[in-house]
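Asker: Below is a structure I'd like to ask you about.
The values are calculated or read from the model by the stated rules, or taken from the named source; none is laboratory data. Model, not experiment: these values are computed from the prediction. Cβ coordinates were reconstructed from backbone atoms using ideal geometry, including for glycine residues, and neighbour counts include every protein chain displayed. Note: areas computed on protein heavy atoms with side chains; ligands, DNA, RNA excluded. Shrake-Rupley method; radii C 1.70, N 1.55, O 1.52, S 1.80 Å.
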Amino acid sequence: VAHDLRGPLMSIRGVLDAVLGDVRDGMAPDAELLEMGVKSSDQSLRMVKDMLDFARLGNESLCMEPTSLDMALRSALETLKSAASGRDIRWDIAPLPMVQGHPGLIRQVFVNLLGNALKYTVGRETAHIVVSGEQRADGSAEVVVQDNGVGFAPDRAGDLFKPFRRLHSAQQFGGEGMGLANVRRIMERHGGSVRGEGEEGRGARFTLGFPAPR
């Protein structure tokens, strides 16, 4: 995290140095430089907020209750409506099971996973996003979110859920690299799991595992 924060902070330091030099020489500060400094400051603040949210997910007590994954998914889709607007997207969504969980955090899991699916299929003429679920005989449940996006190299799967770890450059796709780290932390707080599989150019598949209600 310290390494990742160093980049935008060094950028801010460089901008302030340059502007200070201009002011001392009696010149007007460069507006483009100042704009760059503001953007770097915003990035730093987002990273700090992400770290605080990540820490909170590990410490906050959770109130578990019977939760409809269908309702959590619908709410997440409503949140992501603007990201999907104007695009050709084929949604295949099957009925999902009930689980024992925290409705708000489970909704956030779907926001992160579906948000990624929308982001990484942006170059496809038709994005295809599939959500399916299964309730097992022992009461545990599994949910799969799959897309036909850019995917990732299978040997990088271990890096997917690390904080601030990105498998694609910031120039290609925006974001701070915290979404999947938060998904894993939320699932672990529920006693569950998440795993990711992918192939470059052939999409990604994420599997959520929910334990049987206690």
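Asker: Pick from the stretch 91-105 the residues that are in contact with a His (Cβ under 9 Å, 6 or more places away or on another chain) and outside any helix (DSSP H, G or I): which of them is surrounded by the fewest Cβ atoms within 10 Å (Cβ to Cβ)?
Answerer: Among those residues, the one meeting the criterion is 92.
Asker: Could you check how many residues of the stretch 1-24 are modelled with pLDDT of 80 or more and out of contact with any helix residue (DSSP H, G or I) (no Cβ under 8 Å at 6 or more places or on another chain)?
Answerer: Here the count works out to 9.
Residue-by-condition table, conditions (1) under 18 Å from the mean Cα position of the chain (by Cα); (2) assigned to a helix (DSSP H, G or I):
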position: 107; (1), (2): yes, yes
position: 115; (1), (2): yes, yes
position: 118; (1), (2): yes, yes
position: 122; (1), (2): yes, no
position: 130; (1), (2): yes, no
position: 137; (1), (2): no, no
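Asker: From the list 177, 191, 203, 158, which one is at pLDDT below 90, of a type outside the set (Val, Ile, Thr) and on the phi > 0 side of the Ramachandran plot?
Answerer: 177
Asker: Continuing with this model, one more query. Which condition number in (1) modelled with pLDDT of 90 or more; (2) crowded, with 17+ Cβ neighbours inside 10 Å; (3) assigned to a loop (DSSP other than H, G, I, E, B) is the one that residue 150 fails?
Answerer: Unmet for residue 150, out of (1) modelled with pLDDT of 90 or more; (2) crowded, with 17+ Cβ neighbours inside 10 Å; (3) assigned to a loop (DSSP other than H, G, I, E, B): (1).
Asker: Name the residues in the stretch 25-55 that are loosely packed, with under 11 Cβ neighbours inside 10 Å and either at pLDDT 85 or above or basic (Lys, Arg) (or both), would you?
Answerer: Once the filter is applied, which keeps residues that are loosely packed, with under 11 Cβ neighbours inside 10 Å and either at pLDDT 85 or above or basic (Lys, Arg) (or both), the stretch 25-55 yields 25, 26, 27, 28, 31, 32.
Asker: What residue, among those in the stretch 73-90 that are without any contact (Cβ under 8 Å) to a residue 12 or more places away in the chain and in a helix (DSSP H, G or I), is least open to solvent (accessible area, probe 1.4 Å)?
Answerer: Checking each candidate, the answer is 82.
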